[in-house]
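Participant: Mind having a look at this structure? Questions to follow.
The values are calculated or read from the model by the stated rules, or taken from the named source; none is laboratory data. None of these values were measured; they are calculated from a predicted model. Glycine also receives a Cβ, built like all others from the backbone with ideal geometry; neighbour counts cover every protein chain displayed.
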Amino acid sequence: MKYLLERTARGVLEEFARSNVLLAFDFDGTLAPIVAKPDQAQMRPSTRERLQQVSRRYPCAVVTGRSQADALQRINQIDVWDVIGNHGVEPGSASEEYRALTRSWLSELEPVLGGLQGVRLEDKQYSLAVHYRECRDRAAVARLIRAKAAKLSDARIVPGKLVLNIVPRTAPDKGTALMAASQRLYCDRILYVGDDVTDEDAFGCAAPDRILAVRVGRAARSKAPYFIRSQREIDALLDVLLEARPGVAEDA
Ligand SMILES: [Mg+2]
């Protein structure tokens, strides 16, 4: 993995910036710091300001595991071009079938997990998130959640940071949804930044000359060839993108 913000890799970033590129970002851990209570996650003011400027100069998308409605509230006032929610399900594949499936998982899991200390089941309409960040014995609880989730029908289990995501097995993942978005917006290339297991689908969704995949935090096993060191460096990355397309923000 190469560090994106050192000089030679920066050249690759600038080359992508000059092309017909779609910029796409995960939300939690990428645009916004991870916080103990996920419902309090928000971008720093410095990031908001940069993202607003960037989205005036480039086609921009947010691709998140949050529901689309939840994500829209958090990026409030910023005119990004596309918001893809539920790990790729929304808006393109939001169906009554997936809604019913998610409800059935919830009714199976609620009686066994709902009462556990620190466990929170989040119904995101088209997928389910089981949060265990606030558990005292996280390892044991994670094993229990995995065992229960493995028995659910038509489910794909996507581990995350102290959360287990349960998404419809046949639904598009972040990579499929991202490719569809780039075609919809007539973009030839993609820059994608993400920090978690679900982002690996996006990192590997196109050939390396078509996607610049950047992971937040270096990792031994990732499909992303580039990394930034921490979530805080998202502002520096956005600055490079702004410098590469200067001077059209004020008349927007
Ligand atoms: Mg994330």
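Participant: Which one is nearest to the ligand (Cβ to nearest atom) among residues in the stretch 151-189 that are within 13 Å of D82 (Cβ to Cβ) and surrounded by fewer than 23 Cβ atoms within 10 Å (Cβ to Cβ)?
Facilitator: Taking the candidates together, the pick is A181.
Participant: Confirm whether D79 is among the acidic types (D, E), at pLDDT 95 or above and either more than 15 Å from the ligand (Cβ to nearest atom) or outside the structural domain of A129 (by TED's automatic domain parsing) (or both).
Facilitator: So D79 does not fit the description; no.
Participant: Can you tell me which residue among S46, S67 is in the same structural domain as R189 (by TED's automatic domain parsing) and within 13 Å of the chain's Cα centre (by Cα)?
Facilitator: Values: S46 fails: within 13 Å of the chain's Cα centre (by Cα).
None of the others qualify; the one that does is S67.
Participant: Could you look through the stretch 70-86, keep only residues that are surrounded by fewer than 18 Cβ atoms within 10 Å (Cβ to Cβ) and part of a helix (DSSP H, G or I), and pick out the one that is farthest from the chain's Cα centre (by Cα)?
Facilitator: Q73
Participant: Could I ask something else about it? Out of the residues in the stretch 17-71 meeting the condition of being within 13 Å of the ligand (Cβ to nearest atom) and acidic (D, E), tell me which one is farthest from L241 (Cα to Cα).
Facilitator: Once the filter is applied, the top-ranked residue is D28.
Participant: Now a separate question. Answer with yes or no whether G92 is surrounded by 23 or more Cβ atoms within 10 Å (Cβ to Cβ) and small (G, A, S).
Facilitator: Considered against the rule, which asks whether it is surrounded by 23 or more Cβ atoms within 10 Å (Cβ to Cβ) and small (G, A, S), G92 comes out as no.
Participant: While we're here: V197: buried (at least 19 other Cβ atoms within 10 Å of the Cβ), within 14 Å of the chain's Cα centre (by Cα), within 16 Å of the ligand (Cβ to nearest atom) and not charged (D, E, K, R), yes or no?
Facilitator: no
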